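Everything on this sheet refers to the single structure shown next.
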Amino acid sequence: MTFCSIRTVLVAFLVLAACTVCGGCQNTTSDRDLVYRTPSELIELANTARGPFGGGELPKVLWLDPRTPAEFAAEHLPQATSIPFPEIERTHEVSCKGFDFFVVYDSDYDDVMAKAAAKRLLELRYKKVYCIVGGLKAWKADGNPVVTSK
């Protein structure tokens with residue numbers, strides 16, 4: 001074996017080892033990575049001050065609605081920000097920075113768009129990403145307010 005081929009094998013081994021140690025060359029997620037909470041659990045989490053004995057400030061929460069602008073306009077959580085799913089990756093450096101945690105929701109149970117948006121945030125290396133179990137349907141069933149265009 002020549003020096004060049006040994007070097008090539010060594011470099012390939014080091015790249016493979018680095019990818020394995022770092023969890024892979026690409027940060028991917030699955031449904032198992034998603035964390036679901038009920039609306040009341042998330043409201044409590046958002047209203048619990050940080051710091052010892054609750055003496056700090058309230059956490060900064062991004063309530064993210066990944067649906068289309070038309071769906072958002074028709075009905076959304078009062079504190080929600082509309083970031084349509086296709087725009088998350090392009091705008092996250094501005095729209096998602098500085099938040100302590102993220103709450104993602106969609107219209108109903110089995111929210112495909114909420115799952116996809118939460119996974120995208122995780123892939124972009126954001127921590128503390130939660131999905132509302134049941135989305136807007138569960139939010140309203142719990143008696144929480146929504147903003148409507150009607």
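Among the residues of the stretch 91-150, those identified as surrounded by 14 or more Cβ atoms within 10 Å (Cβ to Cβ) and at positive phi are LYS128, GLY134, GLY135. Restricting the stretch 37-70 to residues that are over 19 Å from the mean Cα position of the chain (by Cα), on the phi < 0 side of the Ramachandran plot and part of a helix (DSSP H, G or I), the residue that is surrounded by the fewest Cβ atoms within 10 Å (Cβ to Cβ) is PRO52. Residue under question is ARG90, and the condition is that it be closer than 23 Å to THR28 by Cβ, of a type in the set (D, E, K, R) and at pLDDT 95 or above; does it hold? So ARG90 passes the test. Residues that are in contact with a Pro (Cβ under 8 Å, 6 or more places away or on another chain) and part of a helix (DSSP H, G or I) were ranked within the stretch 95-150; the one that is nearest to ASP31 (Cα to Cα) is ALA116. Candidates are the residues of the stretch 71-90 that are touching a residue at least 60 places away in the same chain (Cβ under 8 Å) and out of contact with any helix residue (DSSP H, G or I) (no Cβ under 9 Å at 6 or more places or on another chain); the one that is surrounded by the most Cβ atoms within 10 Å (Cβ to Cβ) is ALA74.
The values are calculated or read from the model by the stated rules, or taken from the named source; none is laboratory data. What you are looking at is a predicted structure, and each value in this text was computed from that prediction instead of being measured. Cβ coordinates were reconstructed from backbone atoms using ideal geometry, including for glycine residues, and neighbour counts include every protein chain displayed.
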